Amino acid sequence: MTETVFRKRMLITRGAIAVTSRDSKPMPEVADGDVLFAIRRIALTANNVTYAAAGEMLGYWRFFPGPEGKGILPVWGFGEVVESRAPGFAVGDRFYGYWPLATHLLVREPVSAPGGFMDAAPHRQGLADIYNRYSRVEPRLASEEALDALFRPLFMTGWLIDSFLEGADDFGAEQVILSSASSKTAMAAAFNLSRRGDVQVIGLTSAANRAFTEDLGSYTQVLTYDEVGTLEERPSVFVDFAGDRALTQAVHARLGDALKHSAIVGMTHWSQGGDTPLPGPTPTLFFAPAVAETTLAKLGPAGFADVTGRAWAKFVPAVREKLAIETLHGLDAAEGAYRDLAAGRIGGASAIVVEFD
(Lines give C-alpha, C1' and ligand atoms only; values in the text may rest on other atoms or scores of the structure.)
Protein backbone atom coordinates (compact mmCIF):
# COMPACT_ATOMS: atom_id res chain seq x y z
CA MET A 1 0.00 0.00 0.00
CA THR A 2 1.47 3.34 -1.01
CA GLU A 3 1.34 6.36 1.24
CA THR A 4 -1.13 9.14 0.59
CA VAL A 5 0.68 12.23 -0.71
CA PHE A 6 0.80 15.29 1.55
CA ARG A 7 2.95 18.33 2.04
CA LYS A 8 2.81 18.61 5.85
CA ARG A 9 0.85 16.22 8.05
CA MET A 10 0.29 15.10 11.62
CA LEU A 11 1.15 11.48 12.42
CA ILE A 12 -0.37 9.40 15.24
CA THR A 13 1.40 6.40 16.72
CA ARG A 14 -0.84 3.41 16.08
CA GLY A 15 -1.53 1.70 19.39
CA ALA A 16 -0.64 4.83 21.39
CA ILE A 17 -2.98 7.42 19.97
CA ALA A 18 -2.00 10.25 22.30
CA VAL A 19 1.53 10.18 20.86
CA THR A 20 1.88 12.42 17.82
CA SER A 21 4.50 13.84 15.51
CA ARG A 22 4.67 15.73 12.24
CA ASP A 23 6.59 15.42 9.01
CA SER A 24 6.76 17.17 5.67
CA LYS A 25 7.57 16.41 2.05
CA PRO A 26 8.12 18.45 -1.11
CA MET A 27 4.96 19.51 -2.90
CA PRO A 28 3.93 16.59 -5.13
CA GLU A 29 3.89 16.63 -8.90
CA VAL A 30 0.35 16.64 -10.26
CA ALA A 31 0.01 14.13 -13.08
CA ASP A 32 -2.61 14.00 -15.83
CA GLY A 33 -6.03 13.30 -14.31
CA ASP A 34 -5.00 14.31 -10.78
CA VAL A 35 -6.14 17.14 -8.51
CA LEU A 36 -4.18 18.74 -5.67
CA PHE A 37 -6.25 20.11 -2.78
CA ALA A 38 -5.22 22.44 0.02
CA ILE A 39 -7.11 21.71 3.23
CA ARG A 40 -8.65 25.04 4.29
CA ARG A 41 -10.99 24.57 7.28
CA ILE A 42 -11.62 21.46 9.43
CA ALA A 43 -13.12 20.62 12.82
CA LEU A 44 -11.57 18.70 15.69
CA THR A 45 -13.97 16.93 18.07
CA ALA A 46 -14.12 13.91 20.34
CA ASN A 47 -15.30 12.03 17.26
CA ASN A 48 -11.78 12.28 15.87
CA VAL A 49 -10.48 10.52 18.96
CA THR A 50 -12.92 7.72 18.18
CA TYR A 51 -11.50 7.51 14.66
CA ALA A 52 -8.03 7.06 16.13
CA ALA A 53 -9.13 4.63 18.85
CA ALA A 54 -10.97 2.49 16.29
CA GLY A 55 -8.40 2.99 13.57
CA GLU A 56 -7.37 -0.65 13.48
CA MET A 57 -10.78 -2.20 14.18
CA LEU A 58 -12.86 -0.15 11.73
CA GLY A 59 -10.27 0.68 9.10
CA TYR A 60 -9.96 4.42 9.67
CA TRP A 61 -6.19 4.28 9.10
CA ARG A 62 -6.79 2.99 5.58
CA PHE A 63 -8.25 6.25 4.24
CA PHE A 64 -4.94 8.11 4.30
CA PRO A 65 -2.12 5.57 4.57
CA GLY A 66 0.97 6.71 6.43
CA PRO A 67 4.43 5.36 7.16
CA GLU A 68 4.89 2.09 9.00
CA GLY A 69 3.39 2.19 12.48
CA LYS A 70 1.83 5.62 11.98
CA GLY A 71 -1.72 6.74 11.28
CA ILE A 72 -3.07 9.93 9.71
CA LEU A 73 -6.16 11.32 11.37
CA PRO A 74 -9.30 11.76 9.22
CA VAL A 75 -11.15 15.03 9.76
CA TRP A 76 -14.27 16.63 8.26
CA GLY A 77 -14.18 20.00 6.58
CA PHE A 78 -13.33 21.90 3.42
CA GLY A 79 -10.61 21.64 0.82
CA GLU A 80 -9.84 23.83 -2.17
CA VAL A 81 -8.34 22.95 -5.56
CA VAL A 82 -4.90 24.55 -5.91
CA GLU A 83 -3.76 22.63 -9.00
CA SER A 84 -5.76 20.52 -11.41
CA ARG A 85 -4.99 18.37 -14.39
CA ALA A 86 -8.43 16.75 -14.42
CA PRO A 87 -11.51 17.93 -16.35
CA GLY A 88 -14.24 19.53 -14.23
CA PHE A 89 -11.89 20.78 -11.52
CA ALA A 90 -10.69 24.40 -11.56
CA VAL A 91 -8.35 26.19 -9.20
CA GLY A 92 -10.46 27.70 -6.40
CA ASP A 93 -13.20 25.03 -6.50
CA ARG A 94 -14.18 24.12 -2.94
CA PHE A 95 -15.35 20.73 -1.63
CA TYR A 96 -16.70 19.42 1.66
CA GLY A 97 -15.69 15.97 2.82
CA TYR A 98 -13.27 13.70 4.64
CA TRP A 99 -9.70 15.01 4.66
CA PRO A 100 -6.43 14.12 6.37
CA LEU A 101 -5.11 16.27 9.18
CA ALA A 102 -2.56 17.74 6.82
CA THR A 103 -2.02 20.81 4.68
CA HIS A 104 -2.65 19.14 1.30
CA LEU A 105 -4.09 16.03 -0.32
CA LEU A 106 -3.35 14.80 -3.84
CA VAL A 107 -6.29 12.86 -5.27
CA ARG A 108 -5.35 10.55 -8.13
CA GLU A 109 -7.92 10.54 -10.91
CA PRO A 110 -11.05 11.56 -8.93
CA VAL A 111 -14.27 10.04 -10.25
CA SER A 112 -17.12 12.44 -11.02
CA ALA A 113 -20.27 11.86 -8.96
CA PRO A 114 -23.54 13.79 -8.57
CA GLY A 115 -22.74 17.02 -6.76
CA GLY A 116 -19.03 16.31 -6.47
CA PHE A 117 -16.58 13.46 -6.83
CA MET A 118 -15.46 10.13 -5.37
CA ASP A 119 -11.92 9.31 -4.28
CA ALA A 120 -11.63 5.85 -5.84
CA ALA A 121 -8.02 5.18 -4.85
CA PRO A 122 -7.29 1.43 -4.53
CA HIS A 123 -6.55 1.69 -0.80
CA ARG A 124 -10.04 3.16 -0.22
CA GLN A 125 -11.90 0.33 -1.90
CA GLY A 126 -14.21 -1.60 0.42
CA LEU A 127 -14.56 1.35 2.80
CA ALA A 128 -17.88 3.09 3.40
CA ASP A 129 -18.91 5.27 0.43
CA ILE A 130 -20.06 8.07 2.74
CA TYR A 131 -16.39 8.72 3.58
CA ASN A 132 -15.23 8.62 -0.04
CA ARG A 133 -17.71 11.20 -1.38
CA TYR A 134 -16.84 14.89 -1.65
CA SER A 135 -19.49 17.56 -2.25
CA ARG A 136 -18.88 20.69 -4.29
CA VAL A 137 -19.81 23.82 -2.33
CA GLU A 138 -20.14 27.49 -3.07
CA PRO A 139 -18.11 30.07 -1.09
CA ARG A 140 -19.81 30.88 2.22
CA LEU A 141 -19.18 32.76 5.43
CA ALA A 142 -16.46 31.32 7.61
CA SER A 143 -18.95 30.94 10.48
CA GLU A 144 -21.28 28.83 8.31
CA GLU A 145 -18.46 26.58 7.14
CA ALA A 146 -17.34 26.20 10.75
CA LEU A 147 -20.77 24.91 11.80
CA ASP A 148 -20.82 22.48 8.89
CA ALA A 149 -17.35 21.19 9.72
CA LEU A 150 -18.23 20.79 13.40
CA PHE A 151 -21.68 19.33 13.14
CA ARG A 152 -22.63 17.88 9.77
CA PRO A 153 -21.06 14.43 10.16
CA LEU A 154 -21.96 14.24 13.84
CA PHE A 155 -25.50 15.44 13.21
CA MET A 156 -25.88 12.69 10.62
CA THR A 157 -24.80 10.08 13.16
CA GLY A 158 -27.24 11.48 15.73
CA TRP A 159 -30.05 11.53 13.18
CA LEU A 160 -29.28 7.94 12.16
CA ILE A 161 -29.35 6.81 15.80
CA ASP A 162 -32.81 8.28 16.21
CA SER A 163 -33.98 6.81 12.90
CA PHE A 164 -32.59 3.38 13.81
CA LEU A 165 -34.23 3.37 17.24
CA GLU A 166 -37.55 4.62 15.87
CA GLY A 167 -37.49 1.87 13.25
CA ALA A 168 -36.95 -0.67 16.03
CA ASP A 169 -39.82 0.81 18.10
CA ASP A 170 -37.11 1.85 20.58
CA PHE A 171 -36.83 -1.84 21.54
CA GLY A 172 -39.88 -1.23 23.74
CA ALA A 173 -38.06 1.38 25.81
CA GLU A 174 -39.65 4.31 27.58
CA GLN A 175 -36.38 6.18 28.00
CA VAL A 176 -33.20 6.54 25.96
CA ILE A 177 -30.07 7.24 28.01
CA LEU A 178 -27.15 9.01 26.33
CA SER A 179 -23.67 9.18 27.82
CA SER A 180 -21.31 12.08 27.02
CA ALA A 181 -24.53 14.06 26.72
CA SER A 182 -22.71 17.33 26.02
CA SER A 183 -20.87 15.86 23.03
CA LYS A 184 -21.95 17.00 19.59
CA THR A 185 -23.14 13.60 18.40
CA ALA A 186 -25.19 13.13 21.57
CA MET A 187 -26.58 16.66 21.13
CA ALA A 188 -27.78 15.72 17.65
CA ALA A 189 -29.27 12.42 18.80
CA ALA A 190 -31.04 14.07 21.74
CA PHE A 191 -32.42 16.83 19.53
CA ASN A 192 -33.98 14.35 17.10
CA LEU A 193 -35.20 11.99 19.83
CA SER A 194 -36.82 14.83 21.74
CA ARG A 195 -38.75 16.01 18.68
CA ARG A 196 -40.54 12.68 18.53
CA GLY A 197 -41.91 13.09 22.04
CA ASP A 198 -42.62 9.39 22.57
CA VAL A 199 -39.57 8.57 24.71
CA GLN A 200 -37.85 10.38 27.54
CA VAL A 201 -34.28 11.42 26.79
CA ILE A 202 -31.87 11.14 29.72
CA GLY A 203 -28.41 12.69 29.49
CA LEU A 204 -25.37 11.56 31.48
CA THR A 205 -22.53 14.06 31.71
CA SER A 206 -19.85 15.44 33.98
CA ALA A 207 -20.68 17.91 36.72
CA ALA A 208 -18.76 20.58 34.81
CA ASN A 209 -20.97 20.15 31.73
CA ARG A 210 -24.30 19.73 33.49
CA ALA A 211 -25.54 23.31 33.14
CA PHE A 212 -24.53 23.46 29.48
CA THR A 213 -26.29 20.16 28.76
CA GLU A 214 -29.48 21.21 30.54
CA ASP A 215 -29.48 24.48 28.62
CA LEU A 216 -29.63 22.60 25.32
CA GLY A 217 -33.32 21.91 26.00
CA SER A 218 -33.27 18.46 24.39
CA TYR A 219 -33.03 16.31 27.52
CA THR A 220 -35.92 15.34 29.76
CA GLN A 221 -33.42 14.95 32.58
CA VAL A 222 -29.66 15.43 32.97
CA LEU A 223 -27.71 13.40 35.53
CA THR A 224 -24.04 13.50 36.41
CA TYR A 225 -22.04 10.30 36.18
CA ASP A 226 -22.08 9.80 39.94
CA GLU A 227 -25.90 9.85 39.82
CA VAL A 228 -26.25 6.77 37.61
CA GLY A 229 -27.62 4.93 40.62
CA THR A 230 -30.70 7.18 40.53
CA LEU A 231 -31.76 6.12 37.01
CA GLU A 232 -35.35 4.93 36.98
CA GLU A 233 -35.66 1.18 36.52
CA ARG A 234 -37.93 1.25 33.49
CA PRO A 235 -37.57 -0.14 29.95
CA SER A 236 -34.49 1.62 28.60
CA VAL A 237 -32.02 1.94 25.76
CA PHE A 238 -28.45 3.00 26.54
CA VAL A 239 -26.41 4.74 23.85
CA ASP A 240 -22.78 5.05 24.89
CA PHE A 241 -20.77 7.84 23.27
CA ALA A 242 -17.89 7.57 25.74
CA GLY A 243 -16.55 4.03 25.53
CA ASP A 244 -16.02 4.16 29.30
CA ARG A 245 -16.32 0.55 30.46
CA ALA A 246 -16.86 1.54 34.11
CA LEU A 247 -19.79 3.75 33.17
CA THR A 248 -21.32 1.09 30.95
CA GLN A 249 -20.94 -1.41 33.79
CA ALA A 250 -22.71 0.99 36.18
CA VAL A 251 -25.64 1.59 33.80
CA HIS A 252 -26.06 -2.12 33.07
CA ALA A 253 -25.85 -2.99 36.77
CA ARG A 254 -28.43 -0.34 37.67
CA LEU A 255 -30.99 -1.29 35.01
CA GLY A 256 -30.42 -5.03 34.58
CA ASP A 257 -33.29 -6.63 32.67
CA ALA A 258 -34.95 -3.25 32.23
CA LEU A 259 -32.21 -2.44 29.72
CA LYS A 260 -33.57 -3.54 26.35
CA HIS A 261 -30.71 -2.45 24.09
CA SER A 262 -27.18 -1.16 24.60
CA ALA A 263 -25.30 0.54 21.76
CA ILE A 264 -21.68 1.66 21.50
CA VAL A 265 -21.11 4.74 19.32
CA GLY A 266 -17.97 6.50 20.51
CA MET A 267 -14.70 5.91 22.30
CA THR A 268 -13.98 9.26 23.93
CA HIS A 269 -12.50 7.52 26.98
CA TRP A 270 -10.47 5.21 24.79
CA SER A 271 -7.96 4.23 27.50
CA GLN A 272 -10.52 2.88 29.98
CA GLY A 273 -11.10 -0.79 29.29
CA GLY A 274 -12.18 -3.79 31.34
CA ASP A 275 -13.34 -7.37 31.03
CA THR A 276 -16.00 -7.61 33.74
CA PRO A 277 -19.14 -9.33 32.37
CA LEU A 278 -22.08 -6.96 31.95
CA PRO A 279 -25.62 -7.62 33.21
CA GLY A 280 -28.36 -7.22 30.62
CA PRO A 281 -27.94 -7.16 26.84
CA THR A 282 -24.54 -7.38 25.20
CA PRO A 283 -23.51 -3.95 23.88
CA THR A 284 -23.51 -3.77 20.09
CA LEU A 285 -21.57 -1.41 17.85
CA PHE A 286 -23.59 1.27 16.08
CA PHE A 287 -21.60 1.85 12.88
CA ALA A 288 -23.18 4.91 11.31
CA PRO A 289 -21.88 4.39 7.72
CA ALA A 290 -23.52 0.96 7.49
CA VAL A 291 -26.83 2.30 8.83
CA ALA A 292 -26.54 5.27 6.45
CA GLU A 293 -26.14 2.99 3.44
CA THR A 294 -29.17 0.92 4.49
CA THR A 295 -31.25 4.08 5.02
CA LEU A 296 -30.06 5.53 1.71
CA ALA A 297 -31.14 2.38 -0.09
CA LYS A 298 -34.55 2.57 1.57
CA LEU A 299 -35.25 6.26 0.95
CA GLY A 300 -33.30 6.77 -2.27
CA PRO A 301 -30.71 9.56 -2.66
CA ALA A 302 -33.30 12.32 -3.17
CA GLY A 303 -35.49 11.19 -0.28
CA PHE A 304 -32.50 10.78 2.03
CA ALA A 305 -31.18 14.24 1.16
CA ASP A 306 -34.61 15.79 1.66
CA VAL A 307 -35.38 14.30 5.07
CA THR A 308 -31.89 14.85 6.50
CA GLY A 309 -31.73 18.35 5.01
CA ARG A 310 -34.99 19.36 6.69
CA ALA A 311 -33.80 17.92 10.00
CA TRP A 312 -30.48 19.78 9.70
CA ALA A 313 -32.26 23.05 8.99
CA LYS A 314 -34.18 22.68 12.27
CA PHE A 315 -31.10 21.69 14.24
CA VAL A 316 -28.77 24.54 13.26
CA PRO A 317 -30.77 27.36 14.94
CA ALA A 318 -31.00 25.27 18.10
CA VAL A 319 -27.22 25.03 18.51
CA ARG A 320 -25.86 28.09 16.71
CA GLU A 321 -25.75 30.22 19.86
CA LYS A 322 -24.94 27.41 22.28
CA LEU A 323 -21.27 27.00 21.37
CA ALA A 324 -18.39 29.43 21.42
CA ILE A 325 -16.32 28.34 18.44
CA GLU A 326 -12.56 28.54 18.96
CA THR A 327 -10.65 29.04 15.72
CA LEU A 328 -7.06 27.81 15.59
CA HIS A 329 -4.54 28.27 12.81
CA GLY A 330 -2.09 25.81 11.34
CA LEU A 331 -0.88 22.27 11.90
CA ASP A 332 1.00 23.02 15.13
CA ALA A 333 -2.16 24.29 16.79
CA ALA A 334 -4.18 21.36 15.40
CA GLU A 335 -1.71 18.88 16.87
CA GLY A 336 -1.94 20.51 20.28
CA ALA A 337 -5.74 20.48 20.21
CA TYR A 338 -5.85 16.83 19.15
CA ARG A 339 -3.52 15.83 21.97
CA ASP A 340 -5.73 17.69 24.47
CA LEU A 341 -8.79 15.89 23.09
CA ALA A 342 -7.08 12.50 23.29
CA ALA A 343 -6.07 13.20 26.88
CA GLY A 344 -9.59 14.25 27.85
CA ARG A 345 -8.58 17.82 28.60
CA ILE A 346 -11.23 19.28 26.26
CA GLY A 347 -14.91 18.69 26.98
CA GLY A 348 -17.68 17.99 24.50
CA ALA A 349 -19.04 21.50 24.87
CA SER A 350 -15.92 22.89 23.19
CA ALA A 351 -16.00 23.70 19.49
CA ILE A 352 -12.64 23.73 17.74
CA VAL A 353 -12.13 24.71 14.13
CA VAL A 354 -8.72 24.78 12.46
CA GLU A 355 -7.95 26.99 9.48
CA PHE A 356 -5.00 26.59 7.12
CA ASP A 357 -3.63 29.37 4.92
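The values are calculated or read from the model by the stated rules, or taken from the named source; none is laboratory data. None of the values given here were measured: they were computed from a predicted structure. Neighbour counts run over all protein chains shown; Cβ positions are idealised from the backbone, glycine included. Calculation scope for accessible area: heavy atoms of the full protein, side chains included, ligands and nucleic acids excluded. Shrake-Rupley method; radii C 1.70, N 1.55, O 1.52, S 1.80 Å.
Please enumerate the residues belonging to region 286-309 that are open to solvent by 70 Å² or more (accessible area, probe 1.4 Å) and either touching a Leu at 6+ places or on another chain (Cβ under 6 Å) or farther than 15 Å from D162 by Cα (or both).
Across region 286-309, the qualifying residues are E293, A297, K298, L299, P301, A302, D306.
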Notebook entry, point to check: Given the conditions (1) open to solvent by 40 Å² or more (accessible area, probe 1.4 Å); (2) under 21 Å from R195 (Cα atoms), which single one is not true for W312?
Noted result: (1)
Next item on the list: Please indicate, with yes or no, whether at least one residue in region 80-88 is touching an Asp or Glu at 6+ places or on another chain (Cβ under 6 Å), among the β-branched types (V, I, T), in a strand (DSSP E or B) and open to solvent by less than 10 Å² (accessible area, probe 1.4 Å).
Entry: yes
Margin query: If I filter region 233-247 down to residues being open to solvent by 40 Å² or more (accessible area, probe 1.4 Å) and of a type in the set (D, E, K, R), which single residue comes out as nearest to A46 (Cα to Cα)?
Written below: R245
Item checked: Elements of type strands (runs of 3 or more DSSP E) in region 116-191, at least 2 residues being in contact with an Asp or Glu (Cβ under 9 Å, 6 or more places away or on another chain), within 18 Å of G309 (Cα to Cα) and modelled with pLDDT of 90 or more -> 133-137
Note to self: Against the definition (touching a residue at least 40 places away in the same chain (Cβ under 8 Å), closer than 17 Å to F241 by Cβ, touching a Lys or Arg at 6+ places or on another chain (Cβ under 8 Å) and surrounded by 24 or more Cβ atoms within 10 Å (Cβ to Cβ)), how does F212 come out, yes or no?
What the structure shows: no
Item checked: Of all residues in region 104-126 being under 20 Å from the mean Cα position of the chain (by Cα) and open to solvent by 20 Å² or more (accessible area, probe 1.4 Å), the one that is farthest from R9 (Cα to Cα) -> G126
